[in-house]
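Notes for the one structure printed next.
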């Protein structure tokens, strides 16, 4: 009754914040309840706890979590920390399972909840067997969705040369189409661009990048065998 279904992790943070009593009666800004929950957790942990968020049939078993978490007699601070830890472990278990099935050694994490420093730390802890990448130059939340869609569409098109698929994809994702055109116009993405390992390119900003990056076709720092030439 009056409980619409939701699949986002942010709504789970809102629910747990309300259950601990740290959520305000009326939010002043997006994510306020989650921010308060993180602050509460940082005062209460790390702590040993019995709370789990097991994976069943490829999904997180929320029923088991709520039963254990609500039944655990502990302070609000300790329960807040246990939630962060249990959630990170559950997400890490899911990610690790999919990565091992595909023989991957890198896990990329994103989403608005990764503004939460404690969650990032616990994810990194539970994924210690993998290289873990978090958002750096792009926002962790919805602000990077269109960028990601544009990058994926570029790769699909330039590898398959399927203009029909390209047009169909962007008809369903108009924001990504607008961003794609902007990227092309500024030469961040150009015809012939593809995903390449960073080892093919010099570090432009003096930093130490990791993973993959999308480089323009006019890149002048490629090795002779680079597909950009």
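Looking at residue 108, is it surrounded by fewer than 18 Cβ atoms within 10 Å (Cβ to Cβ) and within 13 Å of the chain's Cα centre (by Cα)? Taking the combined requirement at face value, the residue satisfies it.
Considering segment 93-109 alone, what residues qualify as being closer than 23 Å to residue 61 by Cβ and in contact (Cβ under 8 Å) with a residue 24 or more places away in the chain?
Going through segment 93-109, the residues closer than 23 Å to residue 61 by Cβ turn out to be 93-101, 107, 109.
Passing the criteria: 93, 94, 95, 96, 97, 99, 107, 109.
Scanning segment 135-157 for residues that are surrounded by fewer than 18 Cβ atoms within 10 Å (Cβ to Cβ) and more than 16 Å from the chain's Cα centre (by Cα), we see that the one that is farthest from residue 106 (Cα to Cα) is 156.
Yes or no, residue by residue, for (1) surrounded by fewer than 20 Cβ atoms within 10 Å (Cβ to Cβ); (2) at negative phi; (3) assigned to a loop (DSSP other than H, G, I, E, B); (4) not assigned by TED's automatic domain parsing to the domain that holds residue 124:
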residue	(1), (2), (3), (4)
50	yes, yes, yes, no
63	yes, yes, no, no
70	yes, yes, no, no
73	yes, yes, yes, no
83	no, yes, no, no
86	no, yes, no, no
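Yes/no per residue for (1) outside any helix (DSSP H, G or I); (2) modelled with pLDDT of 90 or more:
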{"residue": "2", "(1), (2)": "yes, no"}
{"residue": "10", "(1), (2)": "no, no"}
{"residue": "15", "(1), (2)": "no, yes"}
{"residue": "30", "(1), (2)": "yes, no"}
{"residue": "34", "(1), (2)": "no, yes"}
{"residue": "41", "(1), (2)": "no, yes"}
{"residue": "53", "(1), (2)": "yes, yes"}
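Take segment 19-39 and flag every residue that is surrounded by 14 or more Cβ atoms within 10 Å (Cβ to Cβ) and either closer than 23 Å to residue 63 by Cα or not assigned by TED's automatic domain parsing to the domain that holds residue 113 (or both). Within segment 19-39, 19, 20, 22, 23, 33, 34, 37, 38 meet the criteria.
So which of 100, 122 is closer than 14 Å to residue 41 by Cβ and either in contact with a helix residue (DSSP H, G or I) (Cβ under 7 Å, 6 or more places away or on another chain) or outside any loop (DSSP other than H, G, I, E, B) (or both)? Break it down stepwise before answering.
Values: 100 fails: closer than 14 Å to residue 41 by Cβ.
The match here is 122.
May I ask you to say which residue of 94, 123, 114 is within 20 Å of the chain's Cα centre (by Cα), buried (at least 18 other Cβ atoms within 10 Å of the Cβ) and within 28 Å of residue 148 (Cα to Cα)? Outline the logic, then answer.
On the way: 94 fails: buried (at least 18 other Cβ atoms within 10 Å of the Cβ); 114 fails: buried (at least 18 other Cβ atoms within 10 Å of the Cβ).
Only one candidate passes the filter, namely 123.
The values are calculated or read from the model by the stated rules, or taken from the named source; none is laboratory data. Just so we're clear, the structure is a prediction, and the values are computed from it rather than from any experiment. In this analysis, Cβ positions are derived from the backbone assuming ideal geometry, glycine residues included, and neighbour counts consider all displayed protein chains.
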